[in-house]
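These notes are about the structure you will find just below.
The values are calculated or read from the model by the stated rules, or taken from the named source; none is laboratory data. Fair warning: this is a prediction, and the values are worked out from it, not measured in the lab. Because the Cβ atoms are built from the backbone with ideal geometry, glycine has one as well, and the counts that use them run over all protein chains shown.
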């Protein structure tokens, strides 16, 4: 698949350099300035790519099968109106600004002639498809818990700039536990109540972490996320009447991913009984490709696109957290 990349940030760099070593090819890179696009190509060793400062010129000359739009939330509309008119598959990188932003994007793309996709890698993986097929094993759902802790302190990153990324770590790290909830259980509906705290960096005003609990009809959802926490934690669990689903590395697998390169089996398990380490049904996978490559392989052969109702449902929960969790100032980046 020939891919055109719009954006030259860190996630675009990671994905582009890795994908270009597979059977997919980066053929064009677009930035607001030609020099930035050409620098991105050189740094990432994209030998087949050309740099552009014009979307239409890049599209017409490179004829991509997919456009990968990986720009900050506030910059997205600068490109989206042009991209939506092109007959080409489109992959959108989060974060988003708010629910209204997602709905506006969905409406603008609904009029296009191509499929569009949201770039939560785990939703395209073999493991998560197996989990989704077996989710009824948990029985009636009582409690859902999702964490994404990822230590990060580079104060120059756009994620610490509320003008470019208004939701900070909530829209970045917090996205994944919520997206996982919606992917596996569907839209939970309107919350009944909530209690939680968002940690706001005093020097930048950005959301650097948070934790809390939301009550829905029939179950509770616990969430914890943050750049300011000491170790990576990406566990996701669902406790039900019949068993507990546990995934230790739900977002970036601890093997065969763009960060963790070892080749150990991935797993998830349904635990039961008073000796859960014995009484569980553990499923193991040794995927041939990491999640982001599975995503591109899926898109290459798909003709339906992402169900953006799930993306909207995810964003509604993040908006609810943003509006209802208490905000507490912390000294993080200037400790």
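Numerical summary
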read-out	value
Residue within the range 270-277 that is under 20 Å from residue 25 (Cα atoms) and outside the structural domain of residue 65 (by TED's automatic domain parsing) present	no
Flag for residue 252 being surrounded by 15 or more Cβ atoms within 10 Å (Cβ to Cβ), at pLDDT 90 or above and either part of a strand (DSSP E or B) or in the same structural domain as residue 22 (by TED's automatic domain parsing) (or both)	no
Selection count, the range 268-295, where residues are in contact with a strand residue (DSSP E or B) (Cβ under 9 Å, 6 or more places away or on another chain) and in a loop (DSSP other than H, G, I, E, B)	7
Residues of the range 166-180 that turn out to be touching a strand residue (DSSP E or B) at 6+ places or on another chain (Cβ under 7 Å), in contact (Cβ under 8 Å) with a residue 60 or more places away in the chain and closer than 11 Å to residue 226 by Cα, as a count	2
Residue ID - modelled with the lowest pLDDT, chosen from residues in the range 15-36 that are surrounded by fewer than 22 Cβ atoms within 10 Å (Cβ to Cβ) and closer than 17 Å to residue 297 by Cβ	21
Only listed residue being out of contact with any strand residue (DSSP E or B) (no Cβ under 9 Å at 6 or more places or on another chain) and free of Cβ contacts under 8 Å to residues at least 24 places away in the same chain, chosen from 163, 113, 129	129
Failed item, numbered, when residue 164 is tested on (1) in the same structural domain as residue 93 (by TED's automatic domain parsing); (2) touching a helix residue (DSSP H, G or I) at 6+ places or on another chain (Cβ under 6 Å)	(1)
Among the residues listed as 169, 156, the single one being at pLDDT below 95 and within 20 Å of residue 73 (Cα to Cα)	156
Residue satisfying all of: in the range 53-72; touching a helix residue (DSSP H, G or I) at 6+ places or on another chain (Cβ under 7 Å) and assigned to a helix (DSSP H, G or I); farthest from residue 173 (Cα to Cα) among these	56
Strands (runs of 3 or more DSSP E) wholly inside the range 118-220 that include at least 1 residues being over 28 Å from residue 254 (Cα atoms)	193-201, 207-216
Residues located in the range 175-196, provided they are crowded, with 21+ Cβ neighbours inside 10 Å and out of contact with any helix residue (DSSP H, G or I) (no Cβ under 6 Å at 6 or more places or on another chain)	175, 176, 177, 180, 181
Yes/no for residue 171 being buried (at least 16 other Cβ atoms within 10 Å of the Cβ) and under 19 Å from residue 95 (Cα atoms)	yes
Residues located in the range 212-225, provided they are buried (at least 17 other Cβ atoms within 10 Å of the Cβ) and closer than 16 Å to residue 197 by Cβ	212, 214, 221, 223, 224, 225
Residue under evaluation residue 8, criteria (1) without any contact (Cβ under 8 Å) to a residue 60 or more places away in the chain; (2) part of a helix (DSSP H, G or I); (3) closer than 24 Å to residue 95 by Cβ, criterion not met	(2)
Residues that are in contact (Cβ under 8 Å) with a residue 24 or more places away in the chain and buried (at least 16 other Cβ atoms within 10 Å of the Cβ), drawn from the range 37-64	37, 40, 44, 46, 49, 52, 55, 58, 59, 62, 64
Sole residue being outside any loop (DSSP other than H, G, I, E, B) and surrounded by fewer than 19 Cβ atoms within 10 Å (Cβ to Cβ), chosen from 304, 309	309
Flag for residue 261 being part of a strand (DSSP E or B) and assigned by TED's automatic domain parsing to the domain that holds residue 241	no
Check on residue 243, surrounded by fewer than 24 Cβ atoms within 10 Å (Cβ to Cβ), touching a strand residue (DSSP E or B) at 6+ places or on another chain (Cβ under 9 Å), without any contact (Cβ under 8 Å) to a residue 12 or more places away in the chain and under 24 Å from residue 126 (Cα atoms)	no
